[in-house]
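The values are calculated or read from the model by the stated rules, or taken from the named source; none is laboratory data. Just so we're clear, the structure is a prediction, and the values are computed from it rather than from any experiment. With ideal geometry, Cβ positions are generated from the backbone for all residues, glycine too; neighbour counts draw on all protein chains shown.
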Amino acid sequence: MPLLSLAHMCVLELTPPDMVSCAADTGFSGINLRLSPARDTDPVYPVIGNTPMRRETLQRLDDTGVKVLDVEVLWLRPDTRPGMYTGVFETAARLGCRQVVAAGLDPDLARATDTYASLCAEAQPFGLNINLEFMVISEVKTLAHATQVVKAAAQPNSGILVDALHIHRCGSPLESIAGIDPALLRYMQLCDALPEIPATLEDLRFEARHNRLPPGEGGLPLRALMAALPQLIDISVETPLGGKRGNLPAAQRAEILFEASRRFLDRL
(Lines give C-alpha, C1' and ligand atoms only; values in the text may rest on other atoms or scores of the structure.)
Protein backbone atom coordinates (compact mmCIF):
# COMPACT_ATOMS: atom_id res chain seq x y z
CA MET A 1 0.00 0.00 0.00
CA PRO A 2 1.39 3.46 -0.87
CA LEU A 3 2.77 5.60 1.92
CA LEU A 4 1.18 8.92 2.83
CA SER A 5 4.13 10.79 4.26
CA LEU A 6 4.51 14.03 6.21
CA ALA A 7 7.32 16.26 4.93
CA HIS A 8 9.65 17.81 7.50
CA MET A 9 9.24 21.24 5.90
CA CYS A 10 5.63 21.29 7.18
CA VAL A 11 6.78 21.02 10.81
CA LEU A 12 10.45 21.89 10.66
CA GLU A 13 10.58 22.86 14.33
CA LEU A 14 10.14 19.20 15.29
CA THR A 15 13.15 17.01 15.95
CA PRO A 16 13.31 13.75 13.95
CA PRO A 17 12.01 11.63 16.89
CA ASP A 18 9.13 14.03 17.40
CA MET A 19 8.45 13.96 13.64
CA VAL A 20 7.88 10.22 13.93
CA SER A 21 5.48 10.64 16.84
CA CYS A 22 3.62 13.50 15.16
CA ALA A 23 3.14 11.49 11.97
CA ALA A 24 1.92 8.45 13.88
CA ASP A 25 -0.47 10.49 16.03
CA THR A 26 -2.08 12.23 13.04
CA GLY A 27 -2.42 9.23 10.71
CA PHE A 28 0.57 9.49 8.38
CA SER A 29 2.36 6.24 7.57
CA GLY A 30 5.63 7.88 6.54
CA ILE A 31 7.86 10.90 7.03
CA ASN A 32 10.44 12.93 5.19
CA LEU A 33 13.46 14.09 7.20
CA ARG A 34 15.68 17.07 6.43
CA LEU A 35 19.07 15.61 7.34
CA SER A 36 20.98 18.26 5.42
CA PRO A 37 19.72 21.86 5.81
CA ALA A 38 18.20 23.61 2.81
CA ARG A 39 19.11 27.05 4.15
CA ASP A 40 21.50 28.47 6.71
CA THR A 41 18.55 29.30 8.97
CA ASP A 42 17.28 25.70 9.09
CA PRO A 43 17.65 23.82 12.37
CA VAL A 44 20.35 21.16 12.31
CA TYR A 45 19.48 18.06 14.33
CA PRO A 46 22.23 15.69 15.56
CA VAL A 47 21.13 12.52 13.76
CA ILE A 48 24.12 11.98 11.48
CA GLY A 49 26.13 9.14 12.96
CA ASN A 50 25.41 6.88 15.92
CA THR A 51 23.96 9.67 18.09
CA PRO A 52 21.40 9.51 20.90
CA MET A 53 18.87 11.34 18.73
CA ARG A 54 19.30 8.87 15.88
CA ARG A 55 18.85 5.97 18.30
CA GLU A 56 15.69 7.60 19.66
CA THR A 57 14.40 8.12 16.12
CA LEU A 58 14.98 4.45 15.33
CA GLN A 59 13.18 3.41 18.51
CA ARG A 60 10.14 5.49 17.68
CA LEU A 61 10.08 4.16 14.13
CA ASP A 62 10.08 0.63 15.54
CA ASP A 63 7.40 1.47 18.10
CA THR A 64 5.01 3.17 15.68
CA GLY A 65 5.58 1.41 12.35
CA VAL A 66 6.10 4.77 10.62
CA LYS A 67 8.54 4.59 7.68
CA VAL A 68 11.09 7.13 6.49
CA LEU A 69 10.05 7.63 2.88
CA ASP A 70 12.80 10.07 1.96
CA VAL A 71 15.48 12.42 3.27
CA GLU A 72 16.78 15.70 1.91
CA VAL A 73 18.53 17.64 0.56
CA LEU A 74 21.62 17.12 -1.62
CA TRP A 75 22.67 20.32 -3.37
CA LEU A 76 24.26 20.14 -6.81
CA ARG A 77 26.51 23.17 -6.37
CA PRO A 78 29.67 24.11 -8.26
CA ASP A 79 31.68 23.14 -5.17
CA THR A 80 29.86 19.87 -4.33
CA ARG A 81 32.48 17.14 -3.94
CA PRO A 82 32.49 13.38 -3.34
CA GLY A 83 32.13 12.48 0.31
CA MET A 84 30.21 15.57 1.34
CA TYR A 85 27.01 13.58 1.91
CA THR A 86 28.37 10.22 3.05
CA GLY A 87 26.97 10.78 6.55
CA VAL A 88 23.54 11.54 5.11
CA PHE A 89 23.63 8.34 3.06
CA GLU A 90 24.71 6.21 6.00
CA THR A 91 22.05 7.64 8.30
CA ALA A 92 19.31 7.42 5.66
CA ALA A 93 20.09 3.74 5.11
CA ARG A 94 20.18 3.07 8.86
CA LEU A 95 16.71 4.63 9.17
CA GLY A 96 15.38 2.27 6.52
CA CYS A 97 15.01 4.99 3.89
CA ARG A 98 15.40 4.35 0.16
CA GLN A 99 14.80 7.79 -1.37
CA VAL A 100 16.95 10.93 -1.24
CA VAL A 101 16.15 14.35 -2.73
CA ALA A 102 18.68 16.29 -4.80
CA ALA A 103 18.28 19.83 -6.17
CA GLY A 104 20.34 21.89 -8.59
CA LEU A 105 22.14 25.11 -7.72
CA ASP A 106 24.79 24.92 -10.43
CA PRO A 107 24.14 27.04 -13.56
CA ASP A 108 26.51 24.78 -15.52
CA LEU A 109 24.15 21.93 -16.37
CA ALA A 110 26.93 19.69 -17.67
CA ARG A 111 28.86 20.01 -14.41
CA ALA A 112 25.63 19.52 -12.44
CA THR A 113 25.05 16.31 -14.40
CA ASP A 114 28.51 15.02 -13.49
CA THR A 115 27.91 15.91 -9.84
CA TYR A 116 24.54 14.18 -9.87
CA ALA A 117 26.03 11.05 -11.44
CA SER A 118 28.79 10.91 -8.81
CA LEU A 119 26.25 11.28 -5.96
CA CYS A 120 24.16 8.47 -7.44
CA ALA A 121 27.25 6.25 -7.64
CA GLU A 122 28.21 7.06 -4.05
CA ALA A 123 24.67 6.38 -2.79
CA GLN A 124 24.19 3.08 -4.61
CA PRO A 125 26.06 0.87 -2.08
CA PHE A 126 23.71 2.22 0.60
CA GLY A 127 20.66 1.06 -1.39
CA LEU A 128 19.53 4.64 -2.02
CA ASN A 129 17.91 6.29 -5.02
CA ILE A 130 18.72 9.95 -5.75
CA ASN A 131 15.64 11.79 -6.97
CA LEU A 132 16.26 15.08 -8.75
CA GLU A 133 13.67 17.75 -7.96
CA PHE A 134 13.08 20.47 -10.54
CA MET A 135 11.99 23.96 -9.43
CA VAL A 136 11.85 27.27 -11.22
CA ILE A 137 13.63 28.72 -8.16
CA SER A 138 16.61 26.40 -8.77
CA GLU A 139 18.97 25.84 -11.70
CA VAL A 140 17.18 22.62 -12.72
CA LYS A 141 14.03 24.54 -13.50
CA THR A 142 11.75 22.26 -15.51
CA LEU A 143 10.82 18.64 -15.98
CA ALA A 144 12.69 18.73 -19.29
CA HIS A 145 15.86 19.92 -17.52
CA ALA A 146 15.57 17.17 -14.89
CA THR A 147 14.99 14.55 -17.57
CA GLN A 148 18.06 15.78 -19.46
CA VAL A 149 20.27 15.51 -16.37
CA VAL A 150 18.98 12.09 -15.33
CA LYS A 151 19.30 10.61 -18.81
CA ALA A 152 22.82 11.97 -19.27
CA ALA A 153 23.91 10.71 -15.84
CA ALA A 154 22.71 7.21 -16.77
CA GLN A 155 22.70 5.82 -13.23
CA PRO A 156 20.51 2.86 -12.19
CA ASN A 157 19.44 4.56 -8.95
CA SER A 158 18.48 7.91 -10.48
CA GLY A 159 14.98 9.35 -10.34
CA ILE A 160 12.85 12.44 -10.87
CA LEU A 161 10.75 14.01 -8.13
CA VAL A 162 7.56 15.78 -9.20
CA ASP A 163 6.25 18.42 -6.79
CA ALA A 164 2.65 19.53 -7.46
CA LEU A 165 3.57 23.18 -6.90
CA HIS A 166 6.79 23.29 -8.89
CA ILE A 167 5.54 21.50 -11.99
CA HIS A 168 2.78 24.09 -12.25
CA ARG A 169 4.96 27.11 -11.48
CA CYS A 170 7.68 26.13 -13.98
CA GLY A 171 5.19 25.62 -16.81
CA SER A 172 6.04 22.01 -17.60
CA PRO A 173 2.97 20.43 -19.25
CA LEU A 174 1.49 17.47 -17.41
CA GLU A 175 1.40 15.59 -20.71
CA SER A 176 5.20 15.46 -20.67
CA ILE A 177 5.09 13.06 -17.71
CA ALA A 178 3.91 10.35 -20.11
CA GLY A 179 7.30 10.40 -21.83
CA ILE A 180 9.20 9.52 -18.65
CA ASP A 181 10.05 5.97 -17.68
CA PRO A 182 7.66 5.23 -14.78
CA ALA A 183 10.53 3.54 -12.94
CA LEU A 184 12.08 7.00 -12.47
CA LEU A 185 8.95 8.31 -10.70
CA ARG A 186 9.19 6.62 -7.31
CA TYR A 187 7.11 9.11 -5.32
CA MET A 188 5.69 12.62 -5.58
CA GLN A 189 5.12 15.70 -3.40
CA LEU A 190 1.55 16.87 -2.86
CA CYS A 191 0.19 20.31 -2.03
CA ASP A 192 -2.15 22.91 -3.43
CA ALA A 193 -1.79 26.63 -4.12
CA LEU A 194 -3.56 29.58 -5.66
CA PRO A 195 -3.74 29.27 -9.46
CA GLU A 196 -2.05 32.64 -9.99
CA ILE A 197 1.72 32.40 -10.36
CA PRO A 198 3.63 34.81 -8.07
CA ALA A 199 5.24 37.67 -9.93
CA THR A 200 8.85 37.47 -8.72
CA LEU A 201 11.37 34.78 -7.84
CA GLU A 202 11.37 36.00 -4.25
CA ASP A 203 7.59 35.60 -4.11
CA LEU A 204 7.91 32.11 -5.60
CA ARG A 205 10.47 31.18 -2.96
CA PHE A 206 8.26 32.49 -0.16
CA GLU A 207 5.24 30.58 -1.46
CA ALA A 208 7.20 27.34 -1.79
CA ARG A 209 8.70 27.56 1.69
CA HIS A 210 5.97 29.24 3.74
CA ASN A 211 2.60 29.59 2.02
CA ARG A 212 1.14 26.51 0.34
CA LEU A 213 -2.42 25.23 0.69
CA PRO A 214 -3.72 21.79 1.72
CA PRO A 215 -4.73 19.56 -1.20
CA GLY A 216 -8.15 20.51 -2.53
CA GLU A 217 -8.12 24.07 -1.19
CA GLY A 218 -6.42 25.79 -4.12
CA GLY A 219 -6.47 25.87 -7.87
CA LEU A 220 -3.71 23.53 -9.01
CA PRO A 221 -4.75 20.77 -11.47
CA LEU A 222 -4.11 18.05 -8.89
CA ARG A 223 -6.53 15.48 -10.31
CA ALA A 224 -4.88 15.70 -13.73
CA LEU A 225 -1.45 15.43 -12.11
CA MET A 226 -2.38 12.32 -10.16
CA ALA A 227 -3.82 10.77 -13.32
CA ALA A 228 -0.57 11.43 -15.18
CA LEU A 229 1.65 9.83 -12.51
CA PRO A 230 2.03 6.07 -11.96
CA GLN A 231 -0.79 4.47 -10.01
CA LEU A 232 -0.20 3.65 -6.34
CA ILE A 233 2.72 6.07 -6.15
CA ASP A 234 3.97 7.03 -2.67
CA ILE A 235 3.00 10.57 -1.64
CA SER A 236 4.89 13.09 0.48
CA VAL A 237 2.63 15.88 1.70
CA GLU A 238 4.94 18.90 1.44
CA THR A 239 2.62 21.73 2.41
CA PRO A 240 4.07 24.41 4.70
CA LEU A 241 1.02 26.41 5.75
CA GLY A 242 0.84 30.18 5.77
CA GLY A 243 -1.35 32.73 7.49
CA LYS A 244 -2.97 31.96 10.84
CA ARG A 245 -2.73 28.21 10.27
CA GLY A 246 1.02 28.53 9.90
CA ASN A 247 1.19 29.65 13.52
CA LEU A 248 -0.70 26.66 14.90
CA PRO A 249 1.19 24.00 16.87
CA ALA A 250 2.89 21.39 14.71
CA ALA A 251 0.45 18.62 15.65
CA GLN A 252 -2.55 20.72 14.58
CA ARG A 253 -0.91 21.63 11.27
CA ALA A 254 -0.12 17.98 10.61
CA GLU A 255 -3.70 16.99 11.41
CA ILE A 256 -5.06 19.60 8.98
CA LEU A 257 -2.77 18.28 6.25
CA PHE A 258 -3.60 14.64 6.86
CA GLU A 259 -7.35 15.20 6.82
CA ALA A 260 -7.22 17.36 3.69
CA SER A 261 -4.92 14.93 1.87
CA ARG A 262 -7.05 11.94 2.81
CA ARG A 263 -10.24 13.68 1.61
CA PHE A 264 -8.60 14.63 -1.67
CA LEU A 265 -7.19 11.17 -2.34
CA ASP A 266 -10.44 9.42 -1.40
CA ARG A 267 -12.25 11.43 -4.08
CA LEU A 268 -9.90 10.50 -6.93
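Okay, here's what the table says:
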{"item": "Segment 61-93 - residue that is within 28 Å of Gly27 (Cβ to Cβ) and among the polar types (S, T, N, Q) and, of those, surrounded by the fewest Cβ atoms within 10 Å (Cβ to Cβ)", "result": "Thr64"}
{"item": "Residue tally, condition under 17 Å from Leu204 (Cα atoms) and buried (at least 17 other Cβ atoms within 10 Å of the Cβ), over segment 216-230", "result": "2"}
{"item": "Some residue of segment 39-60 being surrounded by 17 or more Cβ atoms within 10 Å (Cβ to Cβ), within 27 Å of Leu185 (Cβ to Cβ) and either among the aromatic types (Phe, Trp, Tyr) or in contact with a Leu (Cβ under 9 Å, 6 or more places away or on another chain) (or both)", "result": "no"}
{"item": "Of all residues making up segment 109-134, the number that are of a type outside the set (Ser, Thr, Tyr), under 13 Å from Val149 (Cβ atoms) and part of a helix (DSSP H, G or I)", "result": "8"}
{"item": "The listed residue being among the basic types (Lys, Arg), free of Cβ contacts under 8 Å to residues at least 40 places away in the same chain, surrounded by 12 or more Cβ atoms within 10 Å (Cβ to Cβ) and farther than 21 Å from Gln99 by Cα, out of Arg212, Arg205, Arg169", "result": "Arg169"}
{"item": "Members of segment 231-268 found to be surrounded by fewer than 17 Cβ atoms within 10 Å (Cβ to Cβ) and either in contact with a His (Cβ under 8 Å, 6 or more places away or on another chain) or assigned to a loop (DSSP other than H, G, I, E, B) (or both), listed by number", "result": "Gln231, Leu232, Ile233, Gly242, Gly246, Leu248, Pro249, Arg267, Leu268"}
{"item": "For His166: the one exception among (1) in contact with a strand residue (DSSP E or B) (Cβ under 6 Å, 6 or more places away or on another chain); (2) closer than 22 Å to Met9 by Cα", "result": "(1)"}
{"item": "Any hit, segment 86-94, residues being touching a helix residue (DSSP H, G or I) at 6+ places or on another chain (Cβ under 8 Å), of a type in the set (Lys, Arg) and farther than 16 Å from Ile160 by Cα", "result": "yes"}
{"item": "Pair list, Cβ under 9 Å, 6 or more apart: segment 144-160 residue touching a residue at least 60 places away in the same chain (Cβ under 8 Å), other residue in a helix (DSSP H, G or I) and surrounded by fewer than 20 Cβ atoms within 10 Å (Cβ to Cβ)", "result": "Gly159/Ala183; Gly159/Leu184"}
{"item": "Count of segment 135-161 residues which are touching a Phe, Trp or Tyr at 6+ places or on another chain (Cβ under 8 Å) and assigned to a strand (DSSP E or B)", "result": "3"}
{"item": "Residues of segment 9-19 satisfying the condition of being closer than 14 Å to Val44 by Cβ and surrounded by fewer than 24 Cβ atoms within 10 Å (Cβ to Cβ)", "result": "Leu12, Glu13, Leu14, Thr15"}
{"item": "Segment 41-87: number of residues that are closer than 18 Å to Gly127 by Cβ and hydrophobic (A, V, I, L, M, F, W, C)", "result": "7"}
{"item": "Of all residues making up segment 71-104, the number that are of a type in the set (Lys, Arg) and in contact with a Cys (Cβ under 6 Å, 6 or more places away or on another chain)", "result": "0"}
{"item": "Glu207 vs. criteria part of a helix (DSSP H, G or I) and within 25 Å of Leu6 (Cβ to Cβ)", "result": "yes"}
{"item": "Qualifying helices (runs of 4 or more DSSP H) (wholly inside segment 2-96; at least 1 residues being within 19 Å of the chain's Cα centre (by Cα) and within 16 Å of Ala254 (Cβ to Cβ))", "result": "16-26"}
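Residue by residue, here is whether (1) of a type in the set (Val, Ile, Thr); (2) at pLDDT below 95; (3) in contact with a Leu (Cβ under 9 Å, 6 or more places away or on another chain) holds:
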| residue | (1), (2), (3) |
| --- | --- |
| Ala112 | no, no, yes |
| Ala117 | no, no, no |
| Ala123 | no, no, yes |
| Phe126 | no, no, no |
| Glu133 | no, no, yes |
| Val140 | yes, no, yes |
| Thr147 | yes, no, yes |
